[in-house]
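Novice: Shown below is the structure under consideration.
The values are calculated or read from the model by the stated rules, or taken from the named source; none is laboratory data. What you see is a predicted model; the values in this text were computed from it and never measured. Note that each Cβ is placed from the backbone with ideal geometry, even for glycine, and that neighbours are counted across all protein chains shown. Protein only, heavy atoms only, side chains kept; ligands, DNA and RNA dropped before computing areas. Shrake-Rupley method; radii C 1.70, N 1.55, O 1.52, S 1.80 Å.
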Amino acid sequence: MKTLYLMRHGQTLFNRCHKIQGWCDSPLTKEGIHQAQKARDYFKSHHIYFDHAYSSTSERCCDTLEIVTENQMPYVRLKGLKENFYGELEGESERLNRHLTPKDCETFYLQYGGESSNTVRDRMLATLTDIMEKDDHESVLAVSHSGACYNFMRAIQDPSEELKKGFTNCCIFVYHFEDHHFHLREVIRPA
């Protein structure tokens, strides 16, 4: 059975300032670096090793992956792992979308030139399935984003219970992949 470790990036400046961050980017904070180091330590202490690693093209994800792997393994940057695109709301205050339900998000950002959460769901599912179907991919790390991870989970199962616990920075979603299907084994919140 193959295992995917899908991880959210560490805290960024925009996370700390409560700004909408999709395709725009901001650097990891000191706390974000510390969170990535804690995730690295979790993997080490549990003797979890990766044969392949992938990252969203966003710098915050690449930086997180490089900390987790201590720059000791090559990785592939994929646009398919990017966050939802929020259009004109990119970089704006989170108060503009604070009261949205997950159902609202399916189409809300379209009016601002963004993408629907269903588009993100389908993009993430296709990208991660393609990765895990490769013959030599048994234990894979992929670093992505909160909304992207949520929408991927939504393609697999009802995410309500896990969403209540929060998709914290550097949380790790452990999926088993067998017979072309993903199954969520656990969510690790090392921070």
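Novice: Specify which of the listed residues (L81, L128) is touching a strand residue (DSSP E or B) at 6+ places or on another chain (Cβ under 7 Å), under 18 Å from D25 (Cα atoms) and in contact (Cβ under 8 Å) with a residue 24 or more places away in the chain.
Specialist: The unique qualifying residue is L81.
Novice: In segment 1-24, what residues are under 15 Å from E83 (Cβ atoms), out of contact with any Ser or Thr (no Cβ under 8 Å at 6 or more places or on another chain) and open to solvent by 30 Å² or more (accessible area, probe 1.4 Å)?
Specialist: Of everything in segment 1-24, just one residue is under 15 Å from E83 (Cβ atoms), out of contact with any Ser or Thr (no Cβ under 8 Å at 6 or more places or on another chain) and open to solvent by 30 Å² or more (accessible area, probe 1.4 Å), namely C24.
Novice: Quick one: in segment 29-63, which of the residues that are part of a helix (DSSP H, G or I) and among the polar types (S, T, N, Q) is farthest from E115 (Cα to Cα)?
Specialist: The qualifying residue farthest from E115 (Cα to Cα) is S45.
Novice: I'm trying to understand the selection: among the residues of segment 64-78, which are open to solvent by 50 Å² or more (accessible area, probe 1.4 Å) and assigned to a helix (DSSP H, G or I)?
Specialist: E66
Novice: Then there's this: So the check is Cβ under 8 Å with 6+ separation or different chains; which pairs have a first residue in segment 89-116 that's under 24 Å from S160 (Cβ atoms) and in contact (Cβ under 8 Å) with a residue 12 or more places away in the chain and a second one that's surrounded by fewer than 17 Cβ atoms within 10 Å (Cβ to Cβ) and hydrophobic (A, V, I, L, M, F, W, C)?
Specialist: P102/L163
Novice: Another question, then. Among the listed residues L89, L81, L96, identify the single one that is under 23 Å from R60 (Cβ atoms) and open to solvent by less than 10 Å² (accessible area, probe 1.4 Å).
Specialist: From the options L89, L81, L96, the qualifying one is L81.
Novice: Take the conditions within 18 Å of H137 (Cβ to Cβ), in contact with a Cys (Cβ under 7 Å, 6 or more places away or on another chain) and touching a residue at least 12 places away in the same chain (Cβ under 8 Å) and apply them to L65. Does it pass?
Specialist: no
Novice: Do we find that S58 is within 30 Å of T107 (Cβ to Cβ), among the polar types (S, T, N, Q) and within 14 Å of the chain's Cα centre (by Cα) in this structure?
Specialist: Answer is yes for this residue.
Condition check ((1) among the acidic types (D, E); (2) open to solvent by less than 20 Å² (accessible area, probe 1.4 Å); (3) within 18 Å of the chain's Cα centre (by Cα)) across all residues:
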| residue | (1), (2), (3) |
| --- | --- |
| T101 | no, no, no |
| Y112 | no, no, no |
| T129 | no, no, yes |
| M132 | no, yes, yes |
| L141 | no, yes, yes |
| S146 | no, no, yes |
| N151 | no, yes, yes |
| R154 | no, no, yes |
| P159 | no, yes, yes |
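Novice: While we're here: Go through (1) within 27 Å of D179 (Cβ to Cβ); (2) in contact (Cβ under 8 Å) with a residue 24 or more places away in the chain and name the single condition D135 misses.
Specialist: (2)
Novice: Out of Y42, Y49, report the one residue that is closer than 14 Å to Y5 by Cα, open to solvent by 60 Å² or more (accessible area, probe 1.4 Å), more than 17 Å from the chain's Cα centre (by Cα) and in contact (Cβ under 8 Å) with a residue 60 or more places away in the chain.
Specialist: Y49
Novice: Kindly provide the set of residues from segment 161-183 that are surrounded by 17 or more Cβ atoms within 10 Å (Cβ to Cβ), over 20 Å from H34 (Cβ atoms) and at pLDDT 95 or above, ordered by number.
Specialist: Residues satisfying the conditions are F173, Y175, F177, F182.
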